[in-house]
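Below: the structure, in structure tokens.
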Amino acid sequence: MIALVRFRLVGFLRTGRALAPVLAGLLTLGILYGGGRAEPAEAYGVSAVVLFPVLAWQTKILLDVEPDVQRRLALVAVGPARERAAGLLAAATAGLGLVVVALAVPWLVGGVATPTGPEDRSIAAGLALGLWAHLLALPAAVALGALASRVITRTAGYGVAVLALGVVLALVLGLAGPALGWLAPPLLPTARALAGSLSVTTAALLTGWALLWAWMALAGYLQARHRRA
Amino acid sequence: MYRLWHARLMRLEDVWLRYRRGGPWVLRSVTIGIGPGEAAVVLGRNGAGKSTLLQLVAGILPPARGRVVDRPAVVGWVPERFPADQPFTVQGYLTAVARVRGLSPAQADRAVRGWLDRLGLGPFQGVRLAQLSKGTAQKVGLAQALLRPPGLLVLDEPWEGLDAAARELVPEVVGEVLADGGSVLVSDHRGETARLPGAREWTVADQTVTERAPTGGEALVVVELAIPATQVADAVHRLRAEGHHILRVRGHDVPLPVTGPVSGAAAEAAS
């Protein structure tokens, strides 16, 4: 299965299409950090929110680069379960690359404020919380991208619609407050929590929520794949 | 021979298939089987469901009802059109597929080298897939299915786009898979089937599949022969020339002789 993950990553990286989401990501991060310096954890919380659509889009591109017949050949070679898992793993790996870029960008453009007082979080803590926030967004983004991929949506228009609707709903429902907020992955709640002092309970709750959401969306993807080779 | 007798018959048991819930049935109540060392040709008009049946047998499309039992572990599928729109060279692609198939780097290199030579793809090994002619791309499609010896080989219109010399390769490869105890399924609408003597005929029509006994209609008998090792190549060639079907050659390191591409081309020219 690792060989198939590698094959798909190479296929994705060799076509110029890998460039588009990376540029889009850099652009949004540039705008985000252009406004001034911020405390690392707080900045990373917002970074994870703006990166969510980019990660989902990148996943859709990665899965769609492979021709339909080649996907079926891979299925014959390794079986349906591993074929699907390899696609998701390849997308997650590519997403991790983008997350690393996102964590590095503020340091390169001077977008972070170093701690001044004893009550500020240390740089290491800020980085760790930033990584955590991005890792919460990644599985949900991969799941959304997979649901929008051509094998599920069949036509380009429908694919873009699923992707756009998913992103808009994730953000709008996140703003809607606790009643409907549970239907979206916890992007905005995580950003809000990072802006204040984050308790262990809240962190655990947000982690569980993000994983549960991603797990449900991935289950939907796998269910939909059952009839779509 | 021992392995042949004990390998299982792959069966489709009352299989129904449609592409979406509530959609029209593409295949209804298909019950059919294929054993080790057996070949079947799938016939039918355009759009009758030949490719669908092949993909069902290969395990790409799951049945909506019914089940497929005892499908061999290693399946090779040669699609009707090889997807050449991929950023790999011929050798890079085949090596990656061999690795995906679970071969070690050394095994993968050996298998790829063997099939590149065998199919005359050597001069194209560094060429990008997108730049290949249709026939050459089709050969890559054939090679990727054979990197691991398949227990079931499924070929969708394998003769499409192949030149005269290359067309001879298909029955040769099929013969080797059968001799190794594998099963082979081929779809064909051009009447190339005559190149596969002894194959069963499955006709797809009206959403169902009907089977006709092997061409010739006579029952087949397996004869075991003992031949001095030095004369094996000769005897196999002679028996094949007389239209007999060699199932397997066993003994001490005696490879099953195969017709090379050169004599294949000669046979094509003579016919």
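The values are calculated or read from the model by the stated rules, or taken from the named source; none is laboratory data. Here the structure is a predicted model, which means the values were calculated and not measured. For neighbour counting, all protein chains shown are included, and Cβ atoms are generated from backbone atoms with ideal geometry for every residue, glycine included. Protein only, heavy atoms only, side chains kept; ligands, DNA and RNA dropped before computing areas. Shrake-Rupley method; radii C 1.70, N 1.55, O 1.52, S 1.80 Å.
Examine the range A:50-66 for a residue that is surrounded by fewer than 21 Cβ atoms within 10 Å (Cβ to Cβ), free of Cβ contacts under 8 Å to residues at least 12 places away in the same chain and of a type outside the set (G, A, S), and state whether such a residue exists. Lay out the reasoning, then the answer.
So the first thing to find is which residues in the range A:50-66 are surrounded by fewer than 21 Cβ atoms within 10 Å (Cβ to Cβ), and the list is A:50, A:61, A:64-65.
Pick out the ones that are also free of Cβ contacts under 8 Å to residues at least 12 places away in the same chain and you get none.
For the range A:50-66, residues surrounded by fewer than 21 Cβ atoms within 10 Å (Cβ to Cβ), free of Cβ contacts under 8 Å to residues at least 12 places away in the same chain and of a type outside the set (G, A, S): absent.
Kindly establish whether B:R67 is more than 14 Å from chain A (Cβ to nearest Cβ) and basic (K, R).
Here the answer is yes, as B:R67 does meet what is asked.
Looking at the range A:91-108, is at least one residue open to solvent by less than 10 Å² (accessible area, probe 1.4 Å), β-branched (V, I, T) and in contact with a helix residue (DSSP H, G or I) (Cβ under 7 Å, 6 or more places away or on another chain)?
Checking the range A:91-108: at least one residue is open to solvent by less than 10 Å² (accessible area, probe 1.4 Å), β-branched (V, I, T) and in contact with a helix residue (DSSP H, G or I) (Cβ under 7 Å, 6 or more places away or on another chain).
Results for (1) within 14 Å of chain B (Cβ to nearest Cβ); (2) within 16 Å of A:G130 (Cα to Cα); (3) open to solvent by less than 80 Å² (accessible area, probe 1.4 Å); (4) of a type outside the set (A, V, I, L, M, F, W, C), shown as yes or no for each residue.
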site: A:M1; (1), (2), (3), (4): yes, no, yes, no
site: A:V10; (1), (2), (3), (4): yes, no, yes, no
site: A:L13; (1), (2), (3), (4): yes, no, no, no
site: A:L23; (1), (2), (3), (4): no, no, no, no
site: A:L27; (1), (2), (3), (4): no, no, no, no
site: A:G36; (1), (2), (3), (4): no, no, yes, yes
site: A:E39; (1), (2), (3), (4): no, yes, yes, yes
site: A:Y44; (1), (2), (3), (4): no, yes, yes, yes
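Residues that are farther than 26 Å from B:W77 by Cα and acidic (D, E): does the range A:79-97 have at least one?
No, that holds for no residue.
Here are some conditions: (1) open to solvent by 60 Å² or more (accessible area, probe 1.4 Å); (2) over 21 Å from the mean Cα position of the chain (by Cα). A:Y158 meets all but one. Which one does it not meet?
The one condition A:Y158 does not meet is (2).
Looking only at strands (runs of 3 or more DSSP E) that lie completely in the range B:146-232, which have at least 3 residues being at pLDDT 85 or above, under 13 Å from the mean Cα position of the chain (by Cα) and under 24 Å from B:V75 (Cα atoms)?
Answer list for the range B:146-232: B:152-156, B:183-187.
Only one of B:G181, B:G120 is on the phi > 0 side of the Ramachandran plot, away from every other protein chain (no Cβ under 14 Å) and surrounded by 18 or more Cβ atoms within 10 Å (Cβ to Cβ). Can you tell me which? Working first, answer last.
Details: B:G120 fails: surrounded by 18 or more Cβ atoms within 10 Å (Cβ to Cβ).
Only one candidate qualifies: B:G181.
When you look at B:P83, is it within 13 Å of chain A (Cβ to nearest Cβ), assigned to a loop (DSSP other than H, G, I, E, B), out of contact with any strand residue (DSSP E or B) (no Cβ under 6 Å at 6 or more places or on another chain) and within 22 Å of A:R225 (Cα to Cα), yes or no?
Working: within 13 Å of chain A (Cβ to nearest Cβ): yes; assigned to a loop (DSSP other than H, G, I, E, B): yes; out of contact with any strand residue (DSSP E or B) (no Cβ under 6 Å at 6 or more places or on another chain): yes; within 22 Å of A:R225 (Cα to Cα): yes.
Yes.
Name the residues in the range A:90-99 that are away from chain B (no Cβ under 13 Å), touching a residue at least 24 places away in the same chain (Cβ under 8 Å) and not polar (S, T, N, Q), would you?
A:A91, A:A92, A:A94, A:G95, A:L96, A:L98, A:V99
Identify, from the list B:A84, B:A106, the residue that is surrounded by 20 or more Cβ atoms within 10 Å (Cβ to Cβ) and of a type outside the set (S, T, N, Q).
Going through B:A84, B:A106 in turn, just one is surrounded by 20 or more Cβ atoms within 10 Å (Cβ to Cβ) and of a type outside the set (S, T, N, Q): B:A84.
Which numbered condition trips up B:G135, out of (1) more than 10 Å from chain A (Cβ to nearest Cβ); (2) without any contact (Cβ under 8 Å) to a residue 60 or more places away in the chain; (3) more than 27 Å from B:A164 (Cα to Cα); (4) not in a strand (DSSP E or B)?
Every condition holds for B:G135 apart from (3).
Where the second residue is of a type in the set (G, A, S) and surrounded by fewer than 16 Cβ atoms within 10 Å (Cβ to Cβ) and the first is within 14 Å of another protein chain (Cβ to nearest Cβ) and lies in the range A:203-229, which pairs have Cβ atoms under 9 Å and are six or more apart or on separate chains?
A:L222/A:A81
For B:A58, all conditions in the list (1) in contact with a strand residue (DSSP E or B) (Cβ under 8 Å, 6 or more places away or on another chain); (2) within 18 Å of A:A74 (Cβ to Cβ); (3) buried (at least 19 other Cβ atoms within 10 Å of the Cβ); (4) more than 9 Å from chain A (Cβ to nearest Cβ) hold save one; what is the number of the exception?
(4)
Could you check the range B:38-55 and list, in sequence order, the residues that are among the small types (G, A, S) and within 14 Å of chain A (Cβ to nearest Cβ)?
Within the range B:38-55, just B:S51 meets the criteria.
Quick one: would you say A:V5 is in contact with a strand residue (DSSP E or B) (Cβ under 6 Å, 6 or more places away or on another chain) and at the interface with another protein chain (Cβ under 10 Å from one of its Cβ atoms)?
Spelling it out, it is not the case that A:V5 is in contact with a strand residue (DSSP E or B) (Cβ under 6 Å, 6 or more places away or on another chain) and at the interface with another protein chain (Cβ under 10 Å from one of its Cβ atoms).
Among the residues of the range A:80-89, is there at least one that is open to solvent by less than 40 Å² (accessible area, probe 1.4 Å), at pLDDT 90 or above and within 12 Å of another protein chain (Cβ to nearest Cβ)?
yes
Looking only at residues in the range B:70-80 that are more than 7 Å from every other protein chain (Cβ to nearest Cβ) and of a type outside the set (D, E), which one is farthest from B:L185 (Cα to Cα)?
B:A73
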